[in-house]
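The values are calculated or read from the model by the stated rules, or taken from the named source; none is laboratory data. What you are looking at is a predicted structure, and each value in this text was computed from that prediction instead of being measured. FYI the Cβ positions are ideal-geometry reconstructions off the backbone, even for glycines, and counts take in every protein chain you see. The area values use the complete protein model at the heavy-atom level, side chains included, leaving out ligands, DNA and RNA. Shrake-Rupley method; radii C 1.70, N 1.55, O 1.52, S 1.80 Å.
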Amino acid sequence: QVQLAESGGGLVQAGGSLRVSCVASGSRFSINAMGWYRQAPGKQRELVATITSGGRINYAESVKGRFTISRDNVKNTVYLQMNSLKPEDTGVYYCNVPSFGQNYWGQGTQVTVSL
């Protein structure tokens, strides 16, 4: 069982920056990939970025060059630094961790980018 606790997010003007964090905890879990997804109102949840324990990174095309994902393997924490934010980045951001064949999700944190 894996518990994910997200923090960060909030309201920012276009062009601004935010950072969200997610800490994984639990018993008997093994983590390779950690990632962030987002869901805008009325839209499906979509991949934002993922990072493996070895540092392999994947970004959605829409955030390349603006967002940076990183992780601390000792603290089981994944970060998403979001720069040059746009109104279309608005949504609920979810932390995701696959472990032992199950997909775990955080509760989500709201990111709102205003004009």
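Summary of values
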| item | result |
| --- | --- |
| In the stretch 21-30, residue farthest from Q81 (Cα to Cα) [restricted to those that are hydrophobic (A, V, I, L, M, F, W, C) and open to solvent by 30 Å² or more (accessible area, probe 1.4 Å)] | F29 |
| Residue match in the stretch 7-24 (condition: charged (D, E, K, R) and not in a strand (DSSP E or B)) | no |
| Subset tally (residues that are in contact (Cβ under 8 Å) with a residue 40 or more places away in the chain, of a type in the set (K, R) and loosely packed, with under 14 Cβ neighbours inside 10 Å) for the stretch 46-87 | 1 |
| Residue check for A60: over 10 Å from the mean Cα position of the chain (by Cα) and under 18 Å from V111 (Cβ atoms) | yes |
| Hits in the stretch 1-20 - residues which are surrounded by fewer than 19 Cβ atoms within 10 Å (Cβ to Cβ), farther than 18 Å from R66 by Cβ and either among the small types (G, A, S) or within 11 Å of the chain's Cα centre (by Cα) (or both) | A5, S7 |
